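In what follows, a structure is listed as structure tokens, so that the remarks can point back to it.
Every read-out reported here was derived from the displayed coordinates using simple, explicitly stated rules and does not represent laboratory data. If you're wondering where the values come from, they're calculated on a predicted model, not measured in any experiment. Cβ placement follows ideal geometry from the backbone for every residue including glycine, while neighbour counts extend to all protein chains displayed.
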Amino acid sequence: MLSAEEAHPRYQAVLARLAARGRFGIRLGLGRTRALLRQMGDPQLGLPGVLIGGTNGKGSTQAMVASVLREAGLRVGQTPKPHLVSYRERIVVDGAPIGVAEFVDLISAVLDAADAVAGRHGPPTEFEVITAAAFSWFRRTGVEVGVVEVGLGGRLDATNAWQGGVSAITNVTLDHMEYLGDTVEAIAGEKAAIIKRGDSGAVTGATEPALHVIRGRARRVGVSLDLRMPEDFDVSLKVGLLGRHQVANAAVAAGIIEALDAAGIARVSGGAMRRGLANVTWPGRLELIPGDAGRPDVLFDGAHNPAGIAALAQAVGDIRAQLGDQPPIVVLGILANHWQTGMLGPLRQALPDSMLVATTVPGTHNSLPPEILAQAWGEPVIVEDDSDDAFDRAAQQRQSTVIVCGSLYLVGYLRNKVM
């Protein structure tokens, strides 16, 4: 539900202008972003921090790093993506999204700058506009450390126009193959390009065959690479996010904090590390929201690709006792470009008696037909194109926890419905 401020015509008009940039689609390349940043006075220059890439876990890792840095008393800027409910969630300072009035003024200014560079460089995309806006807001609000999440790939992603001093790659699996390549090695090459000459250090949790590609890149540009595996994580530290896979993300996050400290970017005490990891929150990612008299418990998770689905399946096994006595009901919608045959297998195995309600992803043009999801799952299954109706049909079974997963756009839309 929109707030009164977000329902204001001026805010909606700016959103319409921003959304119109979506017609330019995904167009990888740094030329437009660099031109736009120059037009805005290069707000990214002089901002230290970490650029985080990877197939899965980028969001959880940046949430952990930012939480620790805030506990250390630093003013932190974040660029979480995608947003769950509001575009304002993509520009965050000290854990709070940019305000409505500030968003309107800032995006209006960046869109005007985008129009100014379009004749020579082509029209900047929606994501490039948001990226430039985030750096502008960080400068304006006195951010001390940036924790920036890569959008797609790395080498040609708009965020790679920035160099904060530390780079990190959580992991590499097959995803976005139409843009990044059809092998893990090719995708690793795209992601490894965020490690740039002059960086103070780089961190990764990747395994082979991606690891040797990332190591090769770090070696070529003269940057030391710190490999962080789950077994490297200090088990005395507690992480406030559900899921065994968060240990791998926490290991990379701890490596990032140490790299920032070694670079003189952020001094972090052991106490800040403990508090930051324990207090971290990340909405829509293995987030269990208790039910009420009219609705069952709901577990939200943006598991949208094979690795994400596998992590969700493992987590569901770990917390099965918290999900009630009856088999959970799964509401699932996935974007077509994330679909891979067989990817539902781990979740189906973890929930052998569960019903699937297959649906579409609202507000998108490339949602996978729910019939494909239904066929992949098998019985029992319901196909419901409308995501509101899909959730309502699942929630009618009040004795069963509802698991909403797949695209974060679906998760955000339905999460807003129950909050």
| query | Does region 1-126 classify as rounded, prolate or oblate by the C-alpha gyration tensor (a ≥ b ≥ c root eigenvalues; a/c under 1.5 gives rounded; else a/b over b/c gives prolate, otherwise oblate)? | reply | oblate
| request: Work through the residues other than residue 88 whose Cβ is under 12 Å from its Cβ and net out their charges, Lys, Arg +1 and Asp, Glu -1. | output: -3
| said: Please compute the modelled spin-label separation between residue 212 and residue 15, points set 7 Å along Cα→Cβ, answer in nm with one decimal. | reply: 4.9 nm
| query | Using alpha carbons only, how many degrees (0 to 90, rounded to 10) separate the axis of helix 246-262 from the longest principal axis of the chain? | reply | 10 degrees
| field | For the chain: lysine pairs under 20 Å (alpha-carbon distance), excluding those fewer than 8 apart on one chain | value | 6
| field | Sorted by Cβ neighbour density within 10 Å, fewest at the top, the residues 64, 273, 177 | value | 177, 273, 64
| field | Neighbour-count ranking [beta-carbon atoms within 10 angstrom, fewest first] of 86, 167, 354, 407 | value | 86, 354, 407, 167
| query | Under a no-solvent Debye model with one identical scatterer per Cα of region 287-418, what's log10 I(q)/I(0) at q = 0.17 Å⁻¹? | reply | -0.79
| field | On Cα atoms only, tilt of 126-140 relative to the major axis of the chain in degrees | value | 60 degrees
| query | Restricting attention to region 211-266, which trypsin sites (Lys or Arg not before Pro) occupy a DSSP loop and are surrounded by at most 14 other Cβ atoms within 10 Å? | reply | 238, 244
| remark: Relative contact order as a percentage, the chain, C-alpha pairs under 8 Å and 6+ apart, gives 16 percent
| Suppose R0 equals 45 Å; then what is the FRET efficiency for residue 396 and residue 234 from their Cβ-Cβ distance, rounded to the nearest 0.05? | 0.50
| note | In degrees rounded to 10, the 0-90 angle between helix 210-220 Cα long axis and the longest Cα principal axis of the chain is 10 degrees
| Once you list every other residue whose beta carbon is under 15 Å from the beta carbon of residue 371, what net charge do they have if Lys and Arg are +1 and Asp and Glu are -1? | -4
| remark: In deg cm²/dmol, rounded to the nearest 500, the helical mean residue ellipticity at 222 nm of the chain, built from -39500 (n - 2.57) for every DSSP H run of length 4 or more, is -12500 deg cm²/dmol
| remark: Put in order of increasing Cβ neighbours within 10 Å, starting from the fewest, 400, 269, 108, 236 give 236, 269, 108, 400
| request: For every other residue with a beta carbon closer than 15 angstrom to the beta carbon of residue 5, add +1 if it is Lys or Arg and -1 if Asp or Glu, then tell me the sum. | output: -2
| remark: GluC sites (Glu not before Pro) in region 25-109 lying in a DSSP loop, each with at most 11 other Cβ atoms within 10 Å of its Cβ, come to none
| task | Inverting the mean 1/r over all pairs of different Cα atoms, compute the Kirkwood radius of the chain and quote it in Å. | result | 21.9 Å
